[in-house]
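The values are calculated or read from the model by the stated rules, or taken from the named source; none is laboratory data. Since the structure is predicted, the reported quantities are computational estimates derived from the model, not experimental observations. So basically every Cβ, Gly included, is an ideal-geometry build from the backbone, and we count neighbours across all protein chains shown. SASA here: full protein model, heavy atoms, side chains in, ligands and nucleic acids out. Shrake-Rupley method; radii C 1.70, N 1.55, O 1.52, S 1.80 Å.
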Amino acid sequence: MTTAVERWVEEQAKLTKPDRIYWCDGSEEEARRILEIGIYREKIGAEQVFHQLNHKNWPDAFLHRSHPTDVARTEHLTYVCHPGKETAGPNNNWMDPVEAKQKLTKLSDGCMRGKTMYVIPYMMGHPDSPYSKACIQITDVSYVVVSMRIMTRMSRSVLEKIGTSRVPTVGTSRVPTVGTSRVPTVGDSDNFVKGFHSVGDFDPNKRFIMHFPDEHLVWSIGSGYGGNALLGKKCFSLRIASWLGLKEGWLAEHMVIIGIEDPQGNITYVAAALPSACGKTNLAMLESPLPGYKVWTLGDDIAWMNIGPDGRLWAINPEAGLFGVAPGTSMNTNPNMIKTLKGEKFYPTLFTNTALNIDTNEPWWEGLDGPVPANLVDWQGKKWTPGNKAAHPNSRFTVSIYDCPTLSKEFDNPKGVPISAIIFGGRRTHLIPLVVESFNWQNGVFSGVRMGSETTSAAVHKEGVLRRDPMAMLPFCGYNMGNYFSHWLNMGRKMANPPKIFSVNWFRVDDDGEFIWPGFGENIRVLKWIVDRVNEPDKIGAKETPLGFIPQLKDLYLDGLDIPKEKLEKLFEVDIKDWGAELTDVKNFLEKFGENLPEEMWDEYNKIKG
Ligand code: GTP
Ligand code: SPV
Ligand code: MN
């Protein structure tokens with residue numbers, strides 16, 4: 001008797017016509033074999049392969065160069081295919097599912113000819129967690145297989161889980177306008193998330209990342225880049241999972257999870273949403289310069305949050321690895337990440353599109369410690385000349401979270417950790433204060449909704465342009481964000497003890513365009529204020545403003561910081577008359593959601609507008 005997984009794989013093979021089908025077991029031995037083949041291919045001059053780096057300085061680390069047109073997420077080619085356009089909302093590209101499948105079927109016909117189809121069984125979340133999900137991805141790229149081994153819990157035992165795991169309960173959500181979409185009854189043995197991935201011929205004109213939320217299916221063709229190709233990550237754990245969260249009453253968010261330990265040894269758990277390339281990984285591994293304070297890492301990109309029996313919000317990180325931005329990472333900015341990259345617990349570590357020091361055979365990127373090496377090849381393997389970027393600005397590493405020296409001992413706790421504070425933050429060079437505490441849940445949800453951020457190189461688009469990015473989820477919410485905002489409000493109502501909500505901005509600049517706040521490790525000073533406001537609100541001061549509570553300089557621990565007072569004060573300026581353009585921009589954005597925008601958001605808007 002064939003299983004549902006075997007039947008699905010057979011169907012995909014019939015379409016894609018690979019030479020071979022290989023079922024991955026997720027073992028280290030398997031990863032070593034795949035890498036060896038890639039290294040051999042490099043030696044004979046093939047493309048899309050692996051280069052072994054200096055093992056002494058970077059144990060078990062390999063460099064991979066991607067196709068030069070394929071170096072970041074492509075939001076304009078990413079679609080969410082609900083049966084109704086309204087369900088996808090103005091925040092998503094939409095295509096009718098039938099039409100989308102016809103298009104993809106055509107593009108996928110024979111796309112794996114001459115190649116191996118790898119079948120990857122994996123879990124998002126700890127296998128014992130009630131919140132985890134079993135998934136299958138097929139791919140024709142060995143780099144994707146090795147990356148998935150690092151980023152997820154990949155194992156044959158997942159196959160046994162499929163067929164016994166529970167079918168998601170549907171229909172508990174109280175949000176009105178999703179009623180048009182049909183949720184198919186998923187048979188028990190069919191209860192797995194399906195990911196179809198092929199790079200096709202890398203043609204950017206034939207590149208699509210399509211999501212079919214009701215079928216728990218992602219279909220991605222034409223790109224081998226991270227978020228486009230590692231389908232457990234943004235595609236499933238955010239776009240599809242956010243939809244499951246709406247139906248089932250939980251939240252899938254683009255958030256860091258950390259535990260902040262104070263000098264008494266108490267640990268307060270916090271989740272923080274910042275847009276792509278805006279500091280999540282750095283925050284997740286923060287090394288505190290304040291004596292007695294320590295940050296424990298649970299996740300750097302994605303949080304799944306459920307309401308526990310105690311009425312609190314409990315978070316798990318569904319991932320098992322870190323896919324982080326290389327440029328700017330150093331012993332100075334993020335020592336724990338450098339230690340993680342050099343860790344030897346988990347095999348292997350991958351670098352993608354960094355530069356290469358050809359004298360020492362080490363990876364290199366702008367901002368790494370030490371002098372610029374004399375002999376570099378750039379991210380495309382060409383001799384580097386000063387004045388050009390050596391590493392691609394969105395070059396990244398893929399490394400196991402188990403190699404992280406600050407990994408929380410709760411990381412593998414199937415229940416997750418209880419969240420006491422939620423932080424929203426954007427990259428804003430002007431206007432937005434360093435930190436603000438919201439008045440209450442609804443007011444905090446609005447601070448997330450009106451969030452803006454200047455665009456980065458994590459996706460293909462013009463950099464540095466301000467765009468609204470609610471909860472850092474604009475590219476990742478798998479349905480109409482108007483309904484997503486209602487869902488957030490509903491979650492607050494269902495909790496006996498909801499987290500406090502804060503917003504932060506590390507990126508305000510002075511008149512010379514220099515960052516005012518030192519950021520990185522020093523962000524612990526802001527976290528300390530947040531934790532104190534959560535645990536001892538009467539003991540620690542704050543000033544009321546139209547946006548929320550803001551610390552005065554005396555309320556922040558600033559000892560040892562060498563920044564003039566006038567400069568620091570600039571970080572907290574809130575002059576509502578400067579907010580005209582900002583509020584107009586927020587209003588224009590809110591209007592896009594029409595009837596789907598909850599009334600409460602207009603109430604909050606009007607309170608600030610005054
Ligand atoms: P994704 O992986 O794309 O989701 O990004 P991320 O949010 O994890 O961002 P990451 O921590 O990798 O940081 C991205 C860039 O922001 C890097 O170049 C960092 O050096 C820089 N950065 C991070 N934290 C700070 C900070 O506190 N201050 C300043 N000025 N820059 C920061
Ligand atoms: C992001 O862009 O937010 C990332 C990298 O975390 S990717 O996985 O490619 O989306
Ligand atoms: Mn991210």
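Taking the Cα centre of the stretch 412-532 as reference, the dipole from Cβ charges on Lys and Arg (+1) and Asp and Glu (-1) amounts to some 620 debye. So if R0 is 41 Å, what FRET efficiency would R7 and E28 give, r being the distance between their Cβ atoms, rounded to the nearest 0.05? The calculated FRET efficiency here is 0.85. Straight-line reach from K342: taking Cα to Cα under 29 Å and skipping same-chain neighbours fewer than 8 places apart, the lysines in range are K43, K56, K233, K234, K280, K294, K382, K383, K389, K409.
Could you let me know the centre-to-centre spacing of the stretch 260-285 and the stretch 415-467, using Cα atoms, in angstrom? Centre-to-centre distance over Cα atoms comes out at 14 Å. In the chain, the DSSP-assigned H stretches of four residues or longer account for a calculated mean residue ellipticity at 222 nm of -7000 deg cm²/dmol, using -39500 (n - 2.57) per stretch and the full residue count as denominator. Out of all DSSP beta bridges in the chain, what portion is antiparallel? Express it as a percent rounded to 5. Counting DSSP beta bridges with both partners in the chain, the antiparallel share is about 65 percent.
Surface composition of the stretch 13-126: carbon and sulfur atoms hold 52% of the protein heavy-atom accessible area at a 1.4 Å probe. Note on K56 and K609: the extension gain reaches 193.2 nm, defined as 0.36 nm multiplied by sequence separation minus the Cα-Cα distance.
Take the alpha carbon gyration tensor of the chain, find the square roots of its eigenvalues, order them as a ≥ b ≥ c, and report rounded if a/c is under 1.5; if not, report prolate when a/b exceeds b/c, else oblate. Because a/c hits 1.5 or more and a/b fails to exceed b/c, the chain counts as oblate. 3J(HN,Hα) along the stretch 464-475, derived from phi through the Karplus expression 6.51 cos²θ - 1.76 cosθ + 1.60 where θ = phi - 60°, amounts to x, 9, 5, 9, 5, 9, x, 6, 6, 10, 3, x Hz, with x in place of Gly and Pro. Over the stretch 322-399, Cα pairs under 8 Å with separation of 6+ residues give a relative contact order of 44 percent. Give me the accessible area per residue for the chain, probe 1.4 Å, as a whole number in Å². That works out to 39 Å² per residue. Per atom type, the stretch 322-399 shows carbon and sulfur on 54% of its accessible surface, probed at 1.4 Å.
For K565, the lysines whose Cα falls under 26 Å of its own Cα, not counting residues fewer than eight places away in the same chain, are K528, K539, K543, K554, K577.
Straight-distance candidates among the aspartates and glutamates for linking to K345, with alpha-carbon spacing under 15 Å and chain neighbours fewer than 8 residues away dropped: E28, E29, D60, D403. Karplus-derived 3J(HN,Hα) values for the stretch 317-329, using 6.51 cos²θ - 1.76 cosθ + 1.60 with θ = phi - 60°, are 9, x, 8, 10, x, 10, 10, x, 6, 6, x, x, 7 Hz; glycine and proline are entered as x. Contact order, relative form, for the stretch 206-302: 22 percent (alpha carbon pairs under 8 Å, 6 or more residues apart, mean separation divided by residue count).
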